Amino acid sequence: MTRTWILFGSIVLVTIAVLALLVNIFRRQQEARITYRHVVEIPANEPDPAVWGANFPNEYDSYQRTLKTSTFAQYSKYGRYGGSENFSKLHKYPNITRLFAGYPFSVEYREERGHLHAVADMLATKRLGDKKPGPCMTCKSSQVPGIMAQIGPEQFYRTPVKQLVSKFDIKHSISCADCHQSGTMALQVTRPAFREAMERRKTPVPTANHQQMRAYVCGQCHVEYYWPKETNYLTFPWDRGMRLEQIEEYYDRMGFSDWTHAETGAKLVKMQHPDYELWSSGIHARAGVSCPDCHMPFKREGSIKVTDHWIATPLADVARACTTCHRASEAEMRARVLEIQDRTYSLLSRAEEALIAAIDGIKLAIAAGATDAELEEPRRLHRRAHLRWDFISAENSMGFHSGGEANRILGDAIDFARQAELAAYKVMAARQGGTRR
């Protein structure tokens, strides 16, 4: 009899346990089907991320982490380059002052912070002061899509930043409306310059698939760009292609320069942050890996899989960012990243030294009385070297987005800088009655 009761009790307990497991599985399945909770109606182009956060609390909470910058000590565990500390690059890398002599970047050049600091940091920079033109605001605020819809891109670009801020009370930094449609949450490109550039390249944005769109929403801002001084209309120099030489050819054909170098007289171009261009030449792009796969990897919140909106270096969470695809340990993946970045940084430093030597050589030739005609070749080579050094220096991955391409470009930068130095000394020697060509 006792055995019967024990058996019966065991069956009851097992049945209860199985039922509890099935109920839990059912609840988890139901939970996983809930992509978001519709708490509020989100208006079109709603710039306030807190409004979106009512429906998407997990994404909103993780995005708030971009407000927090790390200390150098904390960041050392993530990597050795870049980061989100608002330090002065001019103080850390004094050569930059001479490399950008005569240009606002020689006045102030700081490391950027997280996306939620974009408006404040842009307004605070000493570059151009109160004379910042409208294009400077293009990618800094989630209010921009709504403002452009109201006044049009042309008028937006023509309006100084100070007036835009005052008239439209710009206070929200980069957030949800920059990348998502409020009704469907579908990804969208909100900056006209990207759409226009892709149209000219015969790859219009509407033809993109979802994975391509995941790169486009980042690529619409993390790019090289310029604006003609006559119109201030923001434009991407991609008509001939996105490789460095194709961008260079585009600028050379139109005779474009951002400024004339104060020491050498060379007409130079300031590269911005060509992350999308360099990434496009790399192995991850060819494999179909997009920006969020590494910088915003998926994570689990209970049974729900969400995109982590703490936009950060993959080194902050190697397990989710790297080992999902790579069958290697976290330590091995971290070592691979740092090896590529260390190699790039070494070449970048050599390119800077070669450029400084070229600048010194051209200055000596000018002091020796060289004419503009005699300096044409050294200045041309200075422009070519500077463009290549700055393409990698201004890019945010320290070469990781395309390690081989970064090394190739920097190798050419060093070569052109040394050629510029040699050409300058030949001019000076000829002026002083030495060896003539």
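Checking each residue in the stretch 201-240 for being under 24 Å from residue 161 (Cα atoms), in contact with a strand residue (DSSP E or B) (Cβ under 8 Å, 6 or more places away or on another chain) and loosely packed, with under 15 Cβ neighbours inside 10 Å picks out only 228.
When residue 177 is tested against the conditions (1) among the small types (Gly, Ala, Ser); (2) farther than 26 Å from residue 216 by Cβ; (3) outside any loop (DSSP other than H, G, I, E, B), the lone failure is (2). Number of residues in the stretch 232-263 that are in contact with a helix residue (DSSP H, G or I) (Cβ under 7 Å, 6 or more places away or on another chain), assigned to a loop (DSSP other than H, G, I, E, B) and more than 30 Å from residue 367 (Cβ to Cβ) equals 9.
Residue by residue, here is whether (1) within 14 Å of residue 401 (Cβ to Cβ); (2) surrounded by fewer than 21 Cβ atoms within 10 Å (Cβ to Cβ); (3) modelled with pLDDT of 95 or more holds:
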position	(1), (2), (3)
275	yes, yes, yes
278	yes, no, yes
289	yes, yes, yes
298	no, yes, no
301	no, yes, no
307	no, yes, no
346	no, yes, yes
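Among the residues of the stretch 83-98, write down those that are part of a helix (DSSP H, G or I) and either touching a strand residue (DSSP E or B) at 6+ places or on another chain (Cβ under 9 Å) or polar (S, T, N, Q) (or both). Full working, then the answer.
If we filter the stretch 83-98 for residues that are part of a helix (DSSP H, G or I), which is where we start, we get 89-92, 95-98.
Answer for the stretch 83-98, where residues must be part of a helix (DSSP H, G or I) and either touching a strand residue (DSSP E or B) at 6+ places or on another chain (Cβ under 9 Å) or polar (S, T, N, Q) (or both): 89, 90, 95, 97.
Please determine whether any residue of the stretch 199-213 is within 21 Å of residue 66 (Cα to Cα) and at pLDDT 95 or above.
Keep residues of the stretch 199-213 that are within 21 Å of residue 66 (Cα to Cα), which gives none.
Scanning the stretch 199-213, I find no residue that is within 21 Å of residue 66 (Cα to Cα) and at pLDDT 95 or above, so the answer is no.
Within the stretch 189-200, not a single residue is exposed (fewer than 14 other Cβ atoms within 10 Å of the Cβ) and of a type in the set (S, T, N, Q).
Listed here are the residues, each with its yes/no results for (1) buried (at least 22 other Cβ atoms within 10 Å of the Cβ); (2) closer than 29 Å to residue 413 by Cβ.
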| position | (1), (2) |
| --- | --- |
| 96 | no, yes |
| 100 | yes, yes |
| 110 | no, yes |
| 119 | no, no |
| 122 | no, yes |
| 131 | no, no |
| 134 | yes, no |
| 137 | yes, no |
| 152 | no, no |
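For the stretch 373-417, residues that are crowded, with 24+ Cβ neighbours inside 10 Å and aliphatic (A, V, I, L, M) total 7.
Cβ separations smaller than 7 Å between residues 6+ apart or across chains give the following pairs from the stretch 153-167 residues that are closer than 19 Å to residue 126 by Cβ and touching a residue at least 12 places away in the same chain (Cβ under 8 Å) to residues that are loosely packed, with under 12 Cβ neighbours inside 10 Å and among the acidic types (Asp, Glu): 162/130. All of 369, 411, 361, 399 fail the test of being under 24 Å from residue 288 (Cβ atoms), out of contact with any strand residue (DSSP E or B) (no Cβ under 8 Å at 6 or more places or on another chain) and in contact (Cβ under 8 Å) with a residue 40 or more places away in the chain, apart from 399. Residue 158 satisfies every condition listed in (1) in contact with a helix residue (DSSP H, G or I) (Cβ under 7 Å, 6 or more places away or on another chain); (2) basic (Lys, Arg); (3) under 26 Å from residue 242 (Cα atoms); (4) surrounded by fewer than 22 Cβ atoms within 10 Å (Cβ to Cβ) except (3). With the structure loaded, tell me whether residue 351 is more than 19 Å from the chain's Cα centre (by Cα), within 25 Å of residue 223 (Cα to Cα) and free of Cβ contacts under 8 Å to residues at least 40 places away in the same chain or whether it fails that test. For residue 351, the condition - more than 19 Å from the chain's Cα centre (by Cα), within 25 Å of residue 223 (Cα to Cα) and free of Cβ contacts under 8 Å to residues at least 40 places away in the same chain - is not met.
Number of residues in the stretch 264-319 that are aliphatic (A, V, I, L, M), assigned to a loop (DSSP other than H, G, I, E, B) and over 14 Å from residue 397 (Cα atoms) equals 6. Taken over the stretch 116-174, the criterion of being part of a loop (DSSP other than H, G, I, E, B), within 19 Å of the chain's Cα centre (by Cα) and either among the aliphatic types (A, V, I, L, M) or over 17 Å from residue 228 (Cβ atoms) (or both) is satisfied by 125, 139, 140, 141, 142, 173, 174.
In the stretch 168-178, is there at least one residue being of a type in the set (Val, Ile, Thr), modelled with pLDDT of 95 or more and under 23 Å from residue 254 (Cβ atoms)?
Keep residues of the stretch 168-178 that are of a type in the set (Val, Ile, Thr), which gives 170, 174.
Among the residues that remain, those that are also modelled with pLDDT of 95 or more are: 170, 174.
The next check asks that each one be under 23 Å from residue 254 (Cβ atoms); those that pass are none.
Checking the stretch 168-178: not a single residue is of a type in the set (Val, Ile, Thr), modelled with pLDDT of 95 or more and under 23 Å from residue 254 (Cβ atoms).
Can you tell me which residue among 339, 352 is among the charged types (D, E, K, R), outside any loop (DSSP other than H, G, I, E, B) and crowded, with 18+ Cβ neighbours inside 10 Å? Before you say what the answer is, go through the steps one by one.
Details: 339 fails: crowded, with 18+ Cβ neighbours inside 10 Å.
On inspection, the qualifying residue turns out to be 352.
Listed by first and then second residue, the pairs linking a residue in the stretch 256-270 that is farther than 18 Å from residue 230 by Cα to a residue that is buried (at least 17 other Cβ atoms within 10 Å of the Cβ) and among the polar types (S, T, N, Q), with Cβ atoms under 7 Å apart and 6 or more places separating them unless they lie on different chains, form an empty list. Report whether or not residue 365 is hydrophobic (A, V, I, L, M, F, W, C), buried (at least 21 other Cβ atoms within 10 Å of the Cβ) and more than 25 Å from residue 222 (Cβ to Cβ). Taking the combined requirement at face value, the residue satisfies it.
The values are calculated or read from the model by the stated rules, or taken from the named source; none is laboratory data. Treat the numbers as computed from the prediction; the structure is a model and nothing was measured. Backbone-built Cβ (ideal geometry, glycine too); neighbour counts: all protein chains shown.
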